[in-house]
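Working notes for the structure below.
The values are calculated or read from the model by the stated rules, or taken from the named source; none is laboratory data. Only a predicted model underlies this, so the values are computations on that prediction, with no experimental measurement involved. Virtual Cβ from ideal backbone geometry, glycine too; neighbours counted across all protein chains shown.
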Amino acid sequence: MKIALGIKGNSVNKAHFGISEKYRIYELENGMLNFFEERINDNFTQHKHSEVEDIMKFLSDCNVWVAKSMGKKSKEVIMNLGYTPLIINSDSIQEAEKEIVKALDHH
């Protein structure tokens, strides 16, 4: 299972998922979260908010989209497309990783 975490600077993006500077991609296997790669959000560099359709272009292989904030409409669209939105409380990447594993442990 691949997971995308929205990042801004060196911490979890506090704004909406679509305004993330980049996305840390992980693979969850046997209860272990393994870092895979980082992907830059080109819309962020152009000071634009990415809509779900924009994000699909570079995160369509990720089953779970993780953020501190996500619009209600975006969450509905994501779920209708077969993806899982996950809202977390952590600010640090390390704490977010723990929170992701805990939240998805029962999946």
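Out of all the residues in segment 63-79, is one or more part of a loop (DSSP other than H, G, I, E, B), surrounded by fewer than 14 Cβ atoms within 10 Å (Cβ to Cβ) and of a type outside the set (Val, Ile, Thr)? I'd like the intermediate steps shown before the answer.
Of segment 63-79, the ones part of a loop (DSSP other than H, G, I, E, B) are 63, 68, 70-71.
Applying the additional criterion that residues be surrounded by fewer than 14 Cβ atoms within 10 Å (Cβ to Cβ) yields none.
Scanning segment 63-79, I find no residue that is part of a loop (DSSP other than H, G, I, E, B), surrounded by fewer than 14 Cβ atoms within 10 Å (Cβ to Cβ) and of a type outside the set (Val, Ile, Thr), so the answer is no.
Pick from segment 1-14 the residues that are over 12 Å from the mean Cα position of the chain (by Cα) and small (Gly, Ala, Ser): which of them is nearest to Val101 (Cα to Cα)?
Among residues in segment 1-14 that are over 12 Å from the mean Cα position of the chain (by Cα) and small (Gly, Ala, Ser), the one nearest to Val101 (Cα to Cα) is Ser11.
Would you point out the residue of segment 80-96, among those that are out of contact with any Lys or Arg (no Cβ under 9 Å at 6 or more places or on another chain) and not in a loop (DSSP other than H, G, I, E, B), that is farthest from Glu38 (Cα to Cα)? Before the answer, list the steps.
Step one: filter segment 80-96 for residues out of contact with any Lys or Arg (no Cβ under 9 Å at 6 or more places or on another chain), giving 80-84, 86, 92, 94-95.
Checking which are not in a loop (DSSP other than H, G, I, E, B) leaves us with 80, 84, 86, 94-95.
On the way: Asn80: 25, Thr84: 19, Leu86: 18, Gln94: 15, Glu95: 18 Å.
Checked segment 80-96; the qualifying residue farthest from Glu38 (Cα to Cα) is Asn80.
Which pairs do you get when a residue that is closer than 12 Å to Val12 by Cβ and in contact (Cβ under 8 Å) with a residue 40 or more places away in the chain, found in segment 68-91, comes within reach of a residue that is of a type in the set (Gly, Ala, Ser) and surrounded by 17 or more Cβ atoms within 10 Å (Cβ to Cβ), reach meaning Cβ atoms under 7 angstrom, with the pair 6+ apart or on two chains?
Correct list of pairs: Ile88/Ala96; Ser90/Ala96.
Of everything in segment 52-67, what is acidic (Asp, Glu) and touching a residue at least 24 places away in the same chain (Cβ under 8 Å)? Give them in sequence order. Talk me through it step by step, then tell me what you get.
Initial filter on segment 52-67 (acidic (Asp, Glu)): 53-54, 61.
If the condition is that a residue be acidic (Asp, Glu) and touching a residue at least 24 places away in the same chain (Cβ under 8 Å), then Asp54, Asp61 are the ones that fit.
Name every residue in segment 61-77 that is out of contact with any helix residue (DSSP H, G or I) (no Cβ under 8 Å at 6 or more places or on another chain) and under 12 Å from Ile25 (Cβ atoms), in order of residue number.
Asp61, Cys62, Asn63
For segment 36-51, give me each residue that is modelled with pLDDT under 85 and under 20 Å from Tyr26 (Cβ atoms). Please lay out each step first, then the result.
Taking segment 36-51 first, the residues modelled with pLDDT under 85 are 42-51.
Of everything in segment 36-51, those that are modelled with pLDDT under 85 and under 20 Å from Tyr26 (Cβ atoms) turn out to be Phe44, Ser50.
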